[in-house]
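FYI, it's all coordinate maths here, none of it is from the lab. Computed from a predicted model, the values in this text were never measured in an experiment. Every residue, glycine among them, receives a Cβ derived from its backbone with ideal geometry; neighbour counts consider all protein chains shown.
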Amino acid sequence: MNVIQLKQEIIEYSKKIGIDKIGFTTANPFDEMKNRLIRQQELQYQSGFEEKDIEKRVNPALLLDEARSIISIALAYPSKMSQRVESKKGERRGIFCRASWGVDYHIILRERLQKLEDFIKEKVPEAKCKSMVDTGELVDRAVAERAGIGWSGKNCSIITPEFGSYVYLGEVITTISFEPDQPMEDRCGTCNKCVEACPTGALVQGGQLNSQACIAFLTQTKGVLPVEFREKLGNRIYGCDSCQTACPENKGKDFHFHAEMEPDPEIAKPLLKPLLQISNRDFKEHFGPISGSWRGKKPIQRNAIIALAHFKDETAVDDLIEVMMVDSRPVIRGTAAWALSKIGGNSAHLALEKALLKEKDDEVLKEINQGLSFIK
């Protein structure tokens, strides 16, 4: 087997199947990343969505016997909508982050990775492979950085010279010993714009993220959102792009290579009020195909309520009153009570007083009482 030739054939094949960038690295442990993950754990900066076993996150040999190399891939996604819809008075809209536009990227990358695996096994039948995207054990960013896909930016994203940080990442661990590519030099320099742009200060410093304070994480939680973060949410209903849009490397970067990544503007930037009463069936039908739906409709509805408060949308008062009075979920009722107090007005005030007499949940009662004191 000519490994040098095989590597070149894989590179050429990757272009044919819609992989925008590919890199190769060894399957050696990621020792530096291990130290960083341990530190993150000590500081309680982890989101809780990660693989719990740090060793599995940094040692490819634990994931595939006789692992020798890792192939890292990147696919560029759009940063702008080809068709736009506007948020206006009475028809306010929320926004999903760019990484959630179009078909769920896990599906897109897994399909590309499977084709890559099939190609490798066709060339080398005895080869073993293991692919993963995002939810796998390895840290995609660490793999991509070492494979020369891009450098690890201060915004904790891989930044590529070609596509900025608007890329999805995935990798294949394999038993074939490929010549590794060279990592890329860090180009962030003294720029600190992403850190300065973070709405909650979750970017503690360049390259260090406190996930517990990150809006991208907070929008995916299902519980009551702390008041100090509600004010920072704006009209985001899933994810956050602030640290990416602030990055000079992303200026002018907008690629539309993959049809399945193109956003439906009515999904990527949906009307807020209809979300309050959307059924499970309708939610699955409309939002099921995108990655931002993975936690179900509850976080999206809670965030939509907060967004309506952000807009101080008086046309939503009746909708919010209904949610506060009849929704079966305390988190949603309590958030609606808070939103009504932020929008204000006589109808909101009267509804809160009425709800105070009916409500049984302590946390919701707390929101109502705080809301009443705020209105007064």
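Annotations
- For a label point 7 Å along the Cα-to-beta-carbon line of Leu350, residues of segment 307-335 with backbone N under 13 Å: 318
- Separation in nanometres of the label points that stand 7 Å from Cα toward Cβ, at Lys56 and Lys123: 3.0
- Across segment 140-214, the relative contact order, built from alpha-carbon pairs under 8 Å that are at least six residues apart, equals 33 percent.
- Added length on full extension, which subtracts the Cα-Cα distance from 0.36 nm per residue, Gln208 to Ile4: 69.7 nm
- Each 5 Å bin from 0 upward holds the following percent of the Cα-Cα pairs of segment 225-349: 2, 10, 19, 20, 19, 13, 9, 5, 3, 1, 0.
- Between segment 149-184 and segment 200-218, the Cα center-to-center distance that results, in Å: 22
- Each listed q (0.07, 0.09, 0.12 Å⁻¹) maps to a log10 I(q)/I(0) for the chain, found by the Debye formula over equal Cα scatterers with no solvent: -0.36, -0.58, -0.94.
- Rounded FRET efficiency, nearest 0.05, which uses the C-beta distance separating Arg110 from Asn369 and R0 of 45 Å: 0.40
- Isolated Cys in the chain, by beta carbon distance under 4.7 Å: Cys97, Cys129, Cys156, Cys188, Cys191, Cys198, Cys214, Cys240, Cys247
- Net length available on complete extension from Glu228 to Asp31 is 67.3 nm, with 0.36 nm assigned per residue and the Cα-Cα distance removed.
- As a length-normalised measure over Cα pairs under 8 Å and 6 or more apart, the relative contact order of the chain settles at 19 percent.
- Cross-link pairs exceeding 20 Å in C-alpha to C-alpha distance, out of Lys16/Lys128; Lys284/Lys342; Lys273/Lys297, comprise Lys16/Lys128; Lys284/Lys342.
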